[in-house]
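The structure under discussion appears below in the form of structure tokens.
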Amino acid sequence: MWELAISVGSQNLDVAKFIYQTLKSKTSDLGSVVTCYEEFENFFILFGCPKENQVQASDEIEKCIIKAICNFYKERYLSQHLHLPTHENISLTAFKKALINFDKETDFYIISKNLQLDKNLYLDAFYSFKLKALREKWSELVALANENSDYLVSNEAFFDLLKFLIDNLEICEDEINVFEDENGYFIKASNEDLPHESLSKEGLVSSLIELCPKKINLFCRSDDNTAGFLSKIFEERINVCYNKNLEKMDKFSVLK
């Protein structure tokens, strides 16, 4: 049996939940056992699998750890250091999400180069002491945005930079369908990691920027202002289908 213990501070409950749930779902076919517990203000995720599945399991764990750092830790870093002029919440959400995903390949490389899966991985310590180069890279991105904050007061300049960031993100999906009903928005695509629950406007914008598809088909009500915002940042990549009675339709029949 190959075993690994991953620990994070109690202030990072969302990180612990993400790692635990991801490993449970991604390694279930490897004969793995995944448990978690809290002790001494730390959350511990314990992982075990047969020795013959160690290579595959290590690959899934590495991808999970990298994603946790690039999403949760980077978002907190940006929130602490980024100083942007006041804009609508949905616009700031989109801008921050675009920065999180900008040059993601290099972020992945830096983390992977420094990551070693021994018996114990103290994630907060790994981030603090082994990923200085990663934070320096993020610092340069933040400094560039902060130095141009006066310029970004203008809506036109703000959206020009936002569209530039989105246009330079890695394409992760060819085509995505989005459906709106009275509960929110639902995404249908080939990506198995997509949330199955309804999304808020901000949640939808964040998900679409992370996936950065070549084409978006948005089925929404005619009074939906989210379509206008998405059309502004994705431009020709989005196809909007308005229907006032859309909430009465079955989303799965619409998205087939």
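If the condition is being surrounded by fewer than 18 Cβ atoms within 10 Å (Cβ to Cβ) and in a helix (DSSP H, G or I), then segment 31-66 contributes Lys51, Glu52, Asn53, Gln54, Val55, Gln56, Ser58, Asp59, Glu62, Lys63.
One residue is enough: does segment 6-17 have a residue meeting the conditions of a type outside the set (Ser, Thr, Tyr), touching a strand residue (DSSP E or B) at 6+ places or on another chain (Cβ under 9 Å), at pLDDT below 95 and crowded, with 18+ Cβ neighbours inside 10 Å? Checking segment 6-17: at least one residue is of a type outside the set (Ser, Thr, Tyr), touching a strand residue (DSSP E or B) at 6+ places or on another chain (Cβ under 9 Å), at pLDDT below 95 and crowded, with 18+ Cβ neighbours inside 10 Å. For segment 10-26, check the following and say yes or no: at least one residue is over 25 Å from Ile110 (Cα atoms), without any contact (Cβ under 8 Å) to a residue 24 or more places away in the chain, outside any helix (DSSP H, G or I) and not small (Gly, Ala, Ser). No - not one qualifying residue is present in segment 10-26. Of the set (1) more than 26 Å from Lys26 (Cα to Cα); (2) open to solvent by 30 Å² or more (accessible area, probe 1.4 Å), all apply to Phe102 but (1). When residues in segment 106-158 are screened for being among the aliphatic types (A, V, I, L, M), open to solvent by less than 30 Å² (accessible area, probe 1.4 Å), in contact (Cβ under 8 Å) with a residue 24 or more places away in the chain and in a helix (DSSP H, G or I), 7 of them pass.
The values are calculated or read from the model by the stated rules, or taken from the named source; none is laboratory data. Given the structure is predicted, the values throughout are model-derived calculations rather than measurements. All Cβ positions, glycine included, derive from the backbone under ideal geometry; neighbour counts span all protein chains shown. Heavy atoms of the whole protein, side chains included, go into the accessibility calculation; ligands, DNA and RNA do not. Shrake-Rupley method; radii C 1.70, N 1.55, O 1.52, S 1.80 Å.
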